[in-house]
Amino acid sequence: MVLKLYNSLTKKKEDFKSIQPNLVRMYNCGPTVYSYAHIGNFRAYIFADLLRRYLEFKGYQVKQVMNITDVGHLTGDSDEGEDKLEKASKLEKKSPQEIAQFYTDAFLKDSQTLNIQEPFARPKATEYMQEMIQLIQVLQEKGYAYESNNNVYFNIEKFPEYGKLSGNNLENLNKNRVEKDPNKRNQADFVLWFANSKYKNHLQKWDSPWGIGYPGWHAECSVMAAKLLSDAFKNNKFKPELFETIDIHTGGIDNKFPHHECELAQTESATGKPFANFWLHNAHLHLKDGKMSKSEGKIITVSDLIKEGYSSNAIRYTLLSTHYRQSLVFDKTVLEASQKSIDRIKETLQKLESMREQKEYNENLASKINAMLLEFEKSMDDDLNISGALGTVFEAIKEINKTLDLIGQEQSQEILNSFNNLNKVLGLSLNQSQEIPQEIYLLLEKRKEARENKDWKTSDLIRDELKAKGYEVKDNKEGQTIQSIS
Ligand code: AMP
Ligand code: ZN
């Protein structure tokens with residue numbers, strides 16, 4: 001079965017084919033580390049994680065790069081405004097490096113909480129300064145960039161395809177620009193290097209052929225993708241002819257313009273090759289009263305929700321279960337519904353896990369489970385149609401629950417294996433061993449022993465102890481099952 005993905009570049013669903021057989025090279029725009037990443041940002045990373053997991057499920061090896069932006073992202077989108085890290089550094093009275101480290105650590109912790117897989121690389125923009133300078137030099141040599149009042153700009157008139165990703169064109173962009181920048185030939189030109197910014201006391205700066213300064217935001221992703229996903233920076237020297245088009249580039253919908261449009265213009269002008277075959281963008285997560293945004297300070301983080309007692313599973317499920325191109329309106333009731341869905345899956349899986357009896361193999365159920373696996377894949381193949389895929393999972397749960405009496409240990413194990421396989425895509429913590437701490441396990445074992453000895457008093461005491469520790473234990477004919485109370 002062929003995976004189809006909606007390509008923002010061609011504005012249609014296309015059959016996905018990797019450039020190199022079985023290997024997908026994918027770049028995801030990562031966090032700007034001047035503040036906590038919020039659950040809206042995590043929607044973008046969960047989407048990238050789901051995409052990677054699904055490509056792996058389809059048999060590809062995925063080389064995934066997700067950057068850390070620690071310089072150059074301005075508070076305004078059109079080269080105006082202060083660098084976000086510099087601003088945070090002044091506000092918090094810490095160096096930009098301290099700010100970046102602190103929020104990177106917080107981001108990584110939340111990523112781990114959500115069971116997001118580690119990419120092949122997490123490059124930091126500040127560690128790619130020489131590469132950015134080389135890219136800008138090549139753009140200047142090839143006539144795509146010009147120096148003006150000590151800054152360097154990309155001349156979008158020289159790249160007639162500018163706008164092909166976002167649908168913007170030079171005329172509209174020039175017309176709609178309110179603040180006029182006298183340094184620019186076209187108002188829509190964008191900065192490659194600031195050696196003469198109006199923010200004179202910029203703390204992060206580097207020497208360059210154009211003077212001491214710092215890069216424009218878009219340069220970083222062009223060079224980090226080229227260096228880590230192709231040979232274009234072999235021996236640390238930019239050789240544009242060695243650039244290889246990457247398979248997939250992702251980001252949130254707000255990244256499409258100007259960020260991705262500008263990345264694309266830079267890379268394609270410098271190398272003469274397409275930057276990426278597929279550009280994928282996730283829709284935003286909103287609050288009922290508007291967008292969740294770091295710059296407006298209206299944010300909820302993963303850690304906040306965990307402290308309030310929501311499970312990492314519920315947060316992951318919430319971010320995962322709406323199709324990535326549909327807006328997601330977030331509130332706590334969505335988290336609660338997610339928890340219920342996960343509990344339903346877990347409860348059935350736990351029953352299967354505790355199945356000890358040998359019974360005749362139920363062919364009918366086996367073929368239903370196989371059909372479910374195919375349906376799951378068919379849905380996911382359709383531009384990651386997660387609602388369809390999850391719908392199939394719940395159909396299967398219903399079917400299993402209906403036929404529980406007929407399922408023996410061997411078949412239980414087979415069904416569990418199928419779920420484990422699907423769950424490589426979903427990345428939820430569905431097994432007891434994945435989520436339940438050792439201490440709780442030991443108590444469960446003690447309780448099992450007590451019950452086998454018909455020591456009901458000890459069994460009840462342990463049940464109370466488990467409850468006090470946040471776990472509810474239920475007894476059924478297959479034994480005991482446990483659930484975290486959250
Ligand atoms: P930033 O840290 O602002 O550079 O953004 C990191 C990633 O999160 C980018 O891919 C953004 O497009 C994405 N993003 C930002 N806000 C949201 C949101 N409310 N919902 C979904 N994705 C978002
Ligand atoms: Zn980027």
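Residues 296, 261, 268: which one is free of Cβ contacts under 8 Å to residues at least 12 places away in the same chain and either under 30 Å from residue 412 (Cβ atoms) or not assigned by TED's automatic domain parsing to the domain that holds residue 379 (or both)? Talk me through it step by step, then tell me what you get.
Numbers: 261 fails: free of Cβ contacts under 8 Å to residues at least 12 places away in the same chain; 268 fails: free of Cβ contacts under 8 Å to residues at least 12 places away in the same chain.
So the residue among 296, 261, 268 that is free of Cβ contacts under 8 Å to residues at least 12 places away in the same chain and either under 30 Å from residue 412 (Cβ atoms) or not assigned by TED's automatic domain parsing to the domain that holds residue 379 (or both) is 296.
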(request) Tell me which residues, restricted to the range 223-238, are under 17 Å from residue 193 (Cβ atoms) and either within 16 Å of ligand 1 (Cβ to nearest atom) or within 22 Å of the chain's Cα centre (by Cα) (or both). (result) 223, 224
(message) Here is a list: 181, 189. Which entry is open to solvent by less than 60 Å² (accessible area, probe 1.4 Å), farther than 15 Å from residue 266 by Cα and either in contact (Cβ under 8 Å) with a residue 24 or more places away in the chain or small (Gly, Ala, Ser) (or both)?
(response) 181
(message) Suppose the filter is modelled with pLDDT of 95 or more, assigned by TED's automatic domain parsing to the domain that holds residue 83 and within 16 Å of ligand 2 (Cβ to nearest atom); does residue 242 pass it?
(response) no
(message) Looking at (1) open to solvent by 30 Å² or more (accessible area, probe 1.4 Å); (2) assigned to a loop (DSSP other than H, G, I, E, B); (3) under 30 Å from residue 376 (Cβ atoms), which one does residue 36 not meet, given that it meets all the others?
(response) (3)
(message) Which residue is farthest from the chain's Cα centre (by Cα), if the candidates are limited to the range 245-265 and must be more than 15 Å from ligand 1 (Cβ to nearest atom), under 18 Å from residue 26 (Cβ atoms) and not polar (S, T, N, Q)?
(response) 264
(request) Return the residue satisfying two criteria in turn: it lies in the range 282-299 and is open to solvent by 10 Å² or more (accessible area, probe 1.4 Å), in contact with a Lys or Arg (Cβ under 8 Å, 6 or more places away or on another chain) and at pLDDT 90 or above, and of such residues it is nearest to residue 9 (Cα to Cα). (result) 283
(message) Tell me whether the range 208-222 contains one or more residues that are more than 16 Å from ligand 1 (Cβ to nearest atom), open to solvent by less than 10 Å² (accessible area, probe 1.4 Å) and not in a strand (DSSP E or B).
(response) no
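Of the residues 63, 87, 93, 109, which single one is more than 16 Å from ligand 2 (Cβ to nearest atom), charged (D, E, K, R) and in contact with a Leu (Cβ under 7 Å, 6 or more places away or on another chain)? Steps first, please.
Details: 87 fails: in contact with a Leu (Cβ under 7 Å, 6 or more places away or on another chain); 93 fails: in contact with a Leu (Cβ under 7 Å, 6 or more places away or on another chain); 109 fails: in contact with a Leu (Cβ under 7 Å, 6 or more places away or on another chain).
Residue meeting the stated conditions: 63.
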(request) Return only the number of the condition from (1) within 27 Å of residue 146 (Cα to Cα); (2) surrounded by fewer than 23 Cβ atoms within 10 Å (Cβ to Cβ); (3) out of contact with any helix residue (DSSP H, G or I) (no Cβ under 7 Å at 6 or more places or on another chain); (4) modelled with pLDDT of 95 or more that residue 277 does not satisfy. (result) (1)
(message) Only one of 4, 63, 13 is open to solvent by 10 Å² or more (accessible area, probe 1.4 Å) and closer than 23 Å to residue 230 by Cβ. Can you tell me which?
(response) 63
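Taking the conditions exactly as written (touching a Lys or Arg at 6+ places or on another chain (Cβ under 9 Å), open to solvent by less than 20 Å² (accessible area, probe 1.4 Å) and touching a residue at least 12 places away in the same chain (Cβ under 8 Å)), does residue 173 satisfy them or not? Spell out how you get there, then give the answer.
On the way: touching a Lys or Arg at 6+ places or on another chain (Cβ under 9 Å): no; open to solvent by less than 20 Å² (accessible area, probe 1.4 Å): yes; touching a residue at least 12 places away in the same chain (Cβ under 8 Å): yes.
When the stated conditions are applied, residue 173 does not pass them.
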(message) Checking the condition open to solvent by 10 Å² or more (accessible area, probe 1.4 Å), more than 13 Å from ligand 1 (Cβ to nearest atom) and out of contact with any Gly (no Cβ under 9 Å at 6 or more places or on another chain), which residue from 241, 268 passes?
(response) 268
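Restricted to the range 246-258, and to residues that are in contact (Cβ under 8 Å) with a residue 60 or more places away in the chain and of a type in the set (A, V, I, L, M), which residue is farthest from residue 165 (Cα to Cα)?
To start, the set of residues in the range 246-258 that are in contact (Cβ under 8 Å) with a residue 60 or more places away in the chain comprises 246-252, 255-258.
Subsequent filtering for residues that are of a type in the set (A, V, I, L, M) retains 246, 248.
Working: 246: 16, 248: 14 Å.
Within the range 246-258, the match that is farthest from residue 165 (Cα to Cα) is 246.
Say whether the condition of being of a type in the set (Val, Ile, Thr), open to solvent by 70 Å² or more (accessible area, probe 1.4 Å), under 26 Å from residue 336 (Cβ atoms) and modelled with pLDDT under 90 is met by at least one residue in the range 462-485.
Applying the first criterion (of a type in the set (Val, Ile, Thr)) to the range 462-485 yields 462, 473, 481-482, 485.
Filter once more, keeping what is open to solvent by 70 Å² or more (accessible area, probe 1.4 Å): 485.
Next, only the ones that are under 26 Å from residue 336 (Cβ atoms) stay: 485.
The next check asks that each one be modelled with pLDDT under 90; those that pass are 485.
So far as the range 462-485 goes, yes, one or more of its residues are of a type in the set (Val, Ile, Thr), open to solvent by 70 Å² or more (accessible area, probe 1.4 Å), under 26 Å from residue 336 (Cβ atoms) and modelled with pLDDT under 90.
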(request) Residues being exposed (fewer than 15 other Cβ atoms within 10 Å of the Cβ), assigned to a helix (DSSP H, G or I) and of a type in the set (Asp, Glu): count how many of those fall in the range 83-134. (result) 4
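Could you say which residue among 220, 157 is in contact (Cβ under 8 Å) with a residue 12 or more places away in the chain, over 30 Å from residue 63 (Cβ atoms), in contact with a helix residue (DSSP H, G or I) (Cβ under 8 Å, 6 or more places away or on another chain) and in the same structural domain as residue 277 (by TED's automatic domain parsing)?
Working: 220 fails: over 30 Å from residue 63 (Cβ atoms).
The match here is 157.
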(message) I want to confirm something. Restricting to the range 436-461 and keeping residues that are under 25 Å from residue 343 (Cα atoms) and among the acidic types (Asp, Glu), which single residue is least open to solvent (accessible area, probe 1.4 Å)?
(response) 460
(message) If residue 302 meets every condition in (1) surrounded by fewer than 16 Cβ atoms within 10 Å (Cβ to Cβ); (2) at pLDDT below 95; (3) within 17 Å of the chain's Cα centre (by Cα) apart from one, which number is that one?
(response) (1)
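To keep it simple, each residue is scored yes or no on (1) in a helix (DSSP H, G or I); (2) within 14 Å of ligand 1 (Cβ to nearest atom).
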{"residue": "293", "(1), (2)": "no, yes"}
{"residue": "298", "(1), (2)": "no, yes"}
{"residue": "309", "(1), (2)": "no, no"}
{"residue": "314", "(1), (2)": "yes, no"}
{"residue": "325", "(1), (2)": "no, yes"}
(request) Identify the single condition in (1) assigned to a loop (DSSP other than H, G, I, E, B); (2) open to solvent by less than 30 Å² (accessible area, probe 1.4 Å); (3) closer than 21 Å to residue 281 by Cβ; (4) within 16 Å of ligand 1 (Cβ to nearest atom) that residue 77 does not satisfy, given that it satisfies every other one. (result) (2)
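The values are calculated or read from the model by the stated rules, or taken from the named source; none is laboratory data. The shown structure was predicted, so the numbers you read here are calculated from the model rather than taken from an experiment. In this analysis, Cβ positions are derived from the backbone assuming ideal geometry, glycine residues included, and neighbour counts consider all displayed protein chains. For accessibility, only protein heavy atoms count, side chains too; no ligands or nucleic acids. Shrake-Rupley method; radii C 1.70, N 1.55, O 1.52, S 1.80 Å.
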